[in-house]
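**Student:** One structure, pasted below without further comment.
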Amino acid sequence: MLSARILMISPYSNWPGDSGGRIRSGMIAKGLAEFAEVRILNLYHDKPLQTPPGIDEIVMRPDFYPRIWSLRTDEHPLAPMVPAMIVHRVNRHIKEFAPDIILFEETITTGILGFLETGDAKTVFSTQNVDSKLLSEAGRVSKRKLENARNDEMNAINNTDYLMACSDLDAQDFKQLSGKSAFVLNNPIPDESCFDLPITPDRYKKPGFIFIGSLGYQPNIEAFLNITDKIMPRMPKTIEATIVGREANRFQRHVQKDSRIHLHSDVPDTLSFLAQFGQSLMPIDTGGGTRLKVLEAMAAGVVVVATEKAVEGIDIVPDQHFRLAHTPKQFVEVFMDNIANERKSENLAITAREFVRKHFSSANFNKKLRDIVTTILSDDVPPPRGMRKDYRDRQHKPTPKDSTNLTSPSITKRSKTIGKIKIEPCLIGTFHKTGTVLFQNILRDLSKQHGVEVWNSGQSADAPAHWDIMFEWSSAFSNFGIDPAKYPTLIVIRDPRDVVISSAHYHMKSAEAWLHIPKEKFEGRTYQEQINSLADMRARYLFEMDHKAGAVIREMVKRKQDPAYSQALFVTLESLVSDVDLVTYRKLFTHLGFDQHSLQAALDCALKNSVFAGKHNQHVRDPRPKQWLKIFDAELNSEFQERFGNSAKLLGYDES
């Protein structure tokens, strides 16, 4: 065994290996454990650990912190800043474990880099993708977000000593992107028992095929839809398709009209499914990753019919190791040709298996991994690191002495002068459809133009070292350890009946991600699909009362009745959308502690972003107050009263 200690920073636990990324990271950890002492710090995990013997694995995330994925923003779409408590815990383990090498698995873990005290440890950025490239290929991404993604990836490369990629193609892309060379560690076959599956001509006569892949991954979802909507309608009626993968059951309704398509979700073992088939269709047009499912199918003797994208980076040859197809018509033609020529399919399967056995065995993988680690340990002068600009500019480096002061984020209430603005820390809270976007835009301008430091809880759950305004999208400050009774506080509310109307129309069309996640309670439909499936707007208003809008109304009433908010200023959205003289805005900024000098700057930002300034906002369908008077008839009023009683009156609105 090498005399080495290796610390892995992982976004999650790698066991069970239910995705290509987890399988690769898990194989790296197990391979390292054969010759070194390994400790894994995973930044997020919410299930019991199933760590193999010989590996020490520790969860860094406290139960009350959000998932690391939810911390991503347009500014840092690949490598978000992580909570200070997690930074503290990781630094504590670095000091205690004294690693020779720190391995950062995936770009999303590298947002922590600038805050770590790595000492003499050599650092490695290990990745299964060129993530900025994937983001670019996915489309529908703003130029600014794509530029920030490239910056995140460049920061990960420049702020670590070494780079490790999973294919020669990825290494070439990284070289072109950054000028930095990468170690290449090709993926192994996770279960080599697939080499033992029989290869016989009869296997390739089977009138069916298999597709394996996580349906929580967008490129696999697109491939699944290609199969169900474009390929299967062209197939003879006797041909069946079997789809196996994580979260496949979300799409049960999508395939219910075609009895030839069979879904198997979250299976413990895919090998038994591979043994039943002679062909696997992979109509994948986007994405990257480990390509483990291609290698596994080839090792299992399954003939792979795939696009060039699906086999990218493996260096295999069409008609020698796999069959190439791009259009739905080609997939059908190649599949039927394989059935008609079973001997040809058998020979291709034998050649493909031997190729995988030669190049992608676990023995090859472990030897290559050991060689990489040996090279790194013997390198006395590692490549110079760059320095992430936003780390230099960022004034705080969290080094708490214990976790207590991080569990309840706090700030020393000090007067802060930034340019022309002098303010004390204060709180602003809204709710869904009560002015969140309006105040987000106002605070954005205050930050950019006047240097006000805004803690936006919708983008970061962790308190920065210094903030002037905390902005909370559901006015639930106590969730972040903040007592609203100790700060000047503003709460923006709206007539609850108009919340129902606005929510219904917005949720029918919005592109917000949560609206497009299939839900079991809606029988696999998404929230948006469910509300749009209803017969008319009346039904949709009732639906909102029982779901999102109803939850918002109860939260508004709860804040109004909470003694902790007794000193807060409650302002209605209705008063703001018609405040052409800025009387209400002047009142609220004065309440928040803006002095005469800073008040005018705040009012200018409010005026610029107000509804009456003529600035278009896609979140605003109709800013007029009391829309419910024209829409709520006696029956809808009765339904509202039954659910929410005198909530309108409690919030200060007329009940008629």
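The values are calculated or read from the model by the stated rules, or taken from the named source; none is laboratory data. Just so it is clear, the structure is predicted and the values come from calculations on it, not from any experiment. Reconstructed Cβ throughout: ideal geometry from the backbone, glycine too, with neighbour counts over all protein chains shown. Heads up: the accessible areas ignore ligands, DNA and RNA and are worked out on the full protein's heavy atoms, side chains in. Shrake-Rupley method; radii C 1.70, N 1.55, O 1.52, S 1.80 Å.
**Student:** Just to be sure I understand, how many residues within region 534-567 are open to solvent by 60 Å² or more (accessible area, probe 1.4 Å) and in contact with a helix residue (DSSP H, G or I) (Cβ under 9 Å, 6 or more places away or on another chain)?
**Tutor:** Of the residues in that region, 9 qualify.
**Student:** Shifting gears a bit: Of all residues in region 259-300, which are among the charged types (D, E, K, R), within 25 Å of residue 337 (Cα to Cα) and in contact with a strand residue (DSSP E or B) (Cβ under 9 Å, 6 or more places away or on another chain)?
**Tutor:** 260, 293, 296
**Student:** Shifting gears a bit: Please tell me if residue 132 is small (Gly, Ala, Ser) and surrounded by fewer than 18 Cβ atoms within 10 Å (Cβ to Cβ).
**Tutor:** So residue 132 fails the test.
**Student:** Also: Just one of 565, 527, 585 is in contact (Cβ under 8 Å) with a residue 40 or more places away in the chain and aromatic (Phe, Trp, Tyr); which is it?
**Tutor:** 565
**Student:** Then there's this: If residue 593 satisfies all but one of (1) part of a loop (DSSP other than H, G, I, E, B); (2) in contact with a helix residue (DSSP H, G or I) (Cβ under 7 Å, 6 or more places away or on another chain); (3) surrounded by 14 or more Cβ atoms within 10 Å (Cβ to Cβ), what's the number of the condition it fails?
**Tutor:** Checking residue 593 against (1) part of a loop (DSSP other than H, G, I, E, B); (2) in contact with a helix residue (DSSP H, G or I) (Cβ under 7 Å, 6 or more places away or on another chain); (3) surrounded by 14 or more Cβ atoms within 10 Å (Cβ to Cβ), the one that fails is (2).
**Student:** Being farther than 30 Å from residue 31 by Cα and open to solvent by less than 60 Å² (accessible area, probe 1.4 Å) narrows it down to one of 325, 297, so name that one.
**Tutor:** The unique qualifying residue is 325.
**Student:** Which one of 580, 571, 500 is in a helix (DSSP H, G or I) and closer than 26 Å to residue 610 by Cα?
**Tutor:** Criteria check complete, one pass: 500.
**Student:** While we're on this one: Yes or no: region 224-235 includes at least one residue that is open to solvent by less than 30 Å² (accessible area, probe 1.4 Å) and touching a Ser or Thr at 6+ places or on another chain (Cβ under 7 Å).
**Tutor:** No, that holds for no residue.
**Student:** For region 5-15: of the residues being of a type outside the set (Val, Ile, Thr) and open to solvent by less than 10 Å² (accessible area, probe 1.4 Å), which is farthest from residue 54 (Cα to Cα)?
**Tutor:** 11
**Student:** Could you count how many residues in region 135-161 are closer than 20 Å to residue 513 by Cα and not in a helix (DSSP H, G or I)?
**Tutor:** Residues that pass the stated criteria total 4.
The rows are residues; the columns are (1) crowded, with 17+ Cβ neighbours inside 10 Å; (2) at pLDDT 90 or above; (3) charged (D, E, K, R).
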{"residue": "17", "(1), (2), (3)": "yes, no, no"}
{"residue": "27", "(1), (2), (3)": "yes, yes, no"}
{"residue": "39", "(1), (2), (3)": "yes, yes, yes"}
{"residue": "50", "(1), (2), (3)": "no, no, no"}
{"residue": "53", "(1), (2), (3)": "no, no, no"}
{"residue": "61", "(1), (2), (3)": "yes, no, yes"}
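**Student:** What number of residues in region 447-474 are in contact (Cβ under 8 Å) with a residue 24 or more places away in the chain, touching a Leu at 6+ places or on another chain (Cβ under 9 Å) and either among the β-branched types (Val, Ile, Thr) or on the phi > 0 side of the Ramachandran plot (or both)?
**Tutor:** Number of matching residues: 2.
**Student:** What number goes with the only condition from (1) more than 24 Å from residue 465 (Cβ to Cβ); (2) under 22 Å from the mean Cα position of the chain (by Cα) that residue 50 does not pass?
**Tutor:** (2)
**Student:** What pairs come up if the first residue lies in region 302-330 and is within 19 Å of residue 275 (Cα to Cα) and without any contact (Cβ under 8 Å) to a residue 40 or more places away in the chain, the second is open to solvent by 20 Å² or more (accessible area, probe 1.4 Å) and among the hydroxyl-bearing types (Ser, Thr, Tyr), and their beta carbons are under 7 Å apart, counting only those six or more places apart or on different chains?
**Tutor:** 321/351
**Student:** Failed condition for residue 188, given (1) crowded, with 20+ Cβ neighbours inside 10 Å; (2) assigned to a loop (DSSP other than H, G, I, E, B); (3) under 22 Å from the mean Cα position of the chain (by Cα), with all others met?
**Tutor:** (3)
**Student:** Could you grab me the full set of residues in region 102-117 that are over 11 Å from residue 9 (Cα atoms) and buried (at least 17 other Cβ atoms within 10 Å of the Cβ)?
**Tutor:** 111, 114, 115, 116
**Student:** Evaluate region 333-341: report whether one residue or more is closer than 29 Å to residue 22 by Cβ and open to solvent by 10 Å² or more (accessible area, probe 1.4 Å).
**Tutor:** No, region 333-341 contains no residue that is closer than 29 Å to residue 22 by Cβ and open to solvent by 10 Å² or more (accessible area, probe 1.4 Å).
**Student:** Being open to solvent by less than 20 Å² (accessible area, probe 1.4 Å) and either of a type in the set (Gly, Ala, Ser) or without any contact (Cβ under 8 Å) to a residue 12 or more places away in the chain (or both) is the filter here; which residues of region 475-498 pass it?
**Tutor:** Listed by number, the residues that qualify are 475, 476.
**Student:** When you look at residue 266, is it under 27 Å from the mean Cα position of the chain (by Cα), under 13 Å from residue 214 (Cα atoms), of a type in the set (Asp, Glu) and open to solvent by 10 Å² or more (accessible area, probe 1.4 Å), yes or no?
**Tutor:** Taking the combined requirement at face value, the residue satisfies it.
**Student:** Just to check your reading of the model, which residue among 241, 248 is of a type outside the set (Ser, Thr, Tyr), within 29 Å of the chain's Cα centre (by Cα) and crowded, with 16+ Cβ neighbours inside 10 Å?
**Tutor:** Being of a type outside the set (Ser, Thr, Tyr), within 29 Å of the chain's Cα centre (by Cα) and crowded, with 16+ Cβ neighbours inside 10 Å holds for just one of 241, 248, which is 248.
**Student:** Which of the numbered conditions does residue 125 fail, given that it passes all the others? Conditions: (1) of a type outside the set (Ser, Thr, Tyr); (2) over 20 Å from residue 14 (Cβ atoms); (3) surrounded by 22 or more Cβ atoms within 10 Å (Cβ to Cβ).
**Tutor:** (2)
**Student:** Please return the ranges of helices (runs of 4 or more DSSP H) entirely within region 222-302 where 2 or more residues are closer than 24 Å to residue 186 by Cβ.
**Tutor:** Per the criteria, 271-274, 292-299.
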